[in-house]
Every structure is written in structure tokens, then in C-alpha cells.
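All remarks here apply to the structure that follows.
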Amino acid sequence: LVERLGEGGMGEVWRARHRLLARPAAIKLVRPAMLTGGDDGDARLAIKRFEAEAQATAALTSPHTIRLYDFGATDDGRFYYVMELLDGRDMASLVDASGPLPAPRVLYLLRQICHSLEEAHSQGLVHRDIKPANIFVCRMGLDHDVVKVLDFGLVQRFRRDPAQDLTASLASMASLAGVVGTPAFMAPELIGEPDHVDHRADIYAVGCVAHYLLTGEHVFPGRTPLQALVDHVSTPPPRASARTTAAVPAWLDDLILACLAKDPSDRPQTIG
């Protein structure tokens, strides 16, 4: 480990140096409690899930999916995976620095996100935490605006009590927002029925990301995380064109609204 690059709800990311190879890398260290909900009895199952999903992620070959080099568990029980070191910034910091992006650039970036997710979905993988902070815009060789989707398979690690009502489920999600998802980008079914989501939850999140890139605002900002979750479940989404003075093609405006449909069956049914 050379230098800590960042810290989040799941753990820490470090710049790393291989002892034998010149290739630089990034290592993410994941706290077991983030996958097991603090239940020591789930640790063994969490390791098996981590290994299975790391193997599945490593098999993804889209140039817009982060490349995974290695994974495992440290002696003190922390999970880790080794991935390519990216030269760029995540979409959240990009919009913070530059403001809303013009529609042609947004479309160029969105196509690459969809390319990554289409392969994952074809293999039965659902990301469940698509958000600007998990999408990097990079320079690769001489190419700019190359998208890399990060963090497959390390989210949605909590159990739902069927007896809980929606309000209790929302409160639980608000308290775990940094672990299992981000309220501003969560599909309604991920909030109300987290054990019964499919790839269409990612399609909803891509709609949220598109809205954010075009407007610089979340679809449902919410005064609190809980309010944002309630809005995703019950409040009609606004049009992106209503929140920006920049030109947004009508078809793109309509497509984003379709992705943001409350009922998954009303959304586009594939990311392609």
C-alpha cells in the first residue's frame, strides 16, 4: 500500500504497488461489517458471496467495467480486491467542478455506462448502486471521456424482515444509506422490496444519473435521506428539461422519464 486515495461507507481505497510488476493498481479494503450487518455469524457466508461476485466481476470484459486483478481476505478478516488504477475523476466531482454537462457529452458517457451494465445484466449481475460516485470518467492512453463503472457486487448486503412495513423499511434504508445504496439514486423496489430487485433497478439509477448530469441536481434532492426515499416511492419525477436552460432533446427527456417509472414493468426492459 502506497497512499490512501479515499474512504467511504464500504471501506478504503489505496494506491498500490506490486512487488514484482511495474503495473500500478488500486486496492479496496472492505470492512466485514459492511457485508454482514455486524453479525459475526454471517461472516463465512459473506466471504463466499464476496468470492463468487468477485469472480463474476473479474469475468466481465467490457472496456467500460473496472478491471479486477485479484481478491481475497486479509489475516485480520478484511476483504480486499485489486483493480486497475484510473486516471480521472468520478462523475460527482466532475459535475461539482464543471456544472451540468451538455446533452451530446452526456449521451456519449451514458452509452458507455449502458455498455458495461448490458454485459453484467446478461450474466445475471445487478449492480444495485449505480451513482455518479461509482462511475469514473478517465483518460486511457490518448482517449478522453472513457467511462469505467466501479463497485460491482459489494452492495445490498442486508436482510429484510417481511413483517416490516414500508415506513420501517424506509427508516432502515436511511440509516444504512452509505452501505447499501445512495438515496438519490435508488429505485422504488430497492427501497420497498430489496430482496426482489432485478436489472431494472439499474435502469432506474441510470435515469437518475442522466438527470443529474444534465441538470446538476438530483431527481429528488430531499431535505433528508428518508424524504428522498419516500419521494422515489411516491412522487412523480420532474423532467430534466424543466431544470436546465441547456437544450435537452425531447426524446431524451422522455427516455429519462421512462427509466424513472415507479413500476419496473413501465421502464425500458433492457439497458440495451
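The values are calculated or read from the model by the stated rules, or taken from the named source; none is laboratory data. A quick note: this is a predicted structure, and the numbers were derived from the prediction, not measured. Here Cβ is always computed from backbone atoms with ideal geometry, including for glycine, and neighbour counts include all displayed protein chains. When the accessible area is computed, the model is the full protein with side chains, heavy atoms only, and any ligands, DNA or RNA have been set aside. Shrake-Rupley method; radii C 1.70, N 1.55, O 1.52, S 1.80 Å.
Restricting attention to segment 1-21, the residues that are in contact (Cβ under 8 Å) with a residue 60 or more places away in the chain and in a loop (DSSP other than H, G, I, E, B) add up to 3. Taking segment 51-73 as the range and being polar (S, T, N, Q) and at pLDDT below 85 as the test, the residues that pass are Gln55, Thr57.
The residues listed here are Gly72, Gly99; of these, the one that is of a type in the set (Gly, Ala, Ser), open to solvent by less than 30 Å² (accessible area, probe 1.4 Å) and within 30 Å of Thr245 (Cβ to Cβ) is Gly99. The residues in segment 122-137 that are of a type outside the set (Phe, Trp, Tyr), open to solvent by 20 Å² or more (accessible area, probe 1.4 Å) and within 24 Å of Asp253 (Cα to Cα) can be counted, and the count is 3.
Screening Asp151, Asp165, Asp129 for residues that are within 9 Å of the chain's Cα centre (by Cα), at pLDDT below 85 and either more than 22 Å from Leu260 (Cα to Cα) or of a type in the set (D, E, K, R) (or both) leaves exactly one candidate, Asp151.
Within the bounds of segment 86-104, is there any residue that is part of a loop (DSSP other than H, G, I, E, B) and either under 22 Å from Val30 (Cβ atoms) or touching a strand residue (DSSP E or B) at 6+ places or on another chain (Cβ under 6 Å) (or both)? Checked segment 86-104: at least one residue is part of a loop (DSSP other than H, G, I, E, B) and either under 22 Å from Val30 (Cβ atoms) or touching a strand residue (DSSP E or B) at 6+ places or on another chain (Cβ under 6 Å) (or both). Within segment 228-251, one or more residues are of a type in the set (Asp, Glu) and crowded, with 19+ Cβ neighbours inside 10 Å. Given the criteria of a type in the set (A, V, I, L, M, F, W, C) and at pLDDT below 85, does Ala174 qualify? Judged against the criteria, Ala174 is a match.
Among the residues of segment 1-24, which ones are among the small types (Gly, Ala, Ser) and under 18 Å from Asp90 (Cβ atoms)? Give the derivation first.
Step one: list which residues in segment 1-24 are among the small types (Gly, Ala, Ser), which gives 6, 8-9, 11, 16, 22.
Selection gives Gly6, Gly8, Gly9, Gly11.
In the set (1) surrounded by fewer than 22 Cβ atoms within 10 Å (Cβ to Cβ); (2) at pLDDT below 95, the condition left unmet by Glu217 is number (2).
With respect to His115, is the statement that it is open to solvent by 60 Å² or more (accessible area, probe 1.4 Å) and modelled with pLDDT of 90 or more true? Criteria met by His115.
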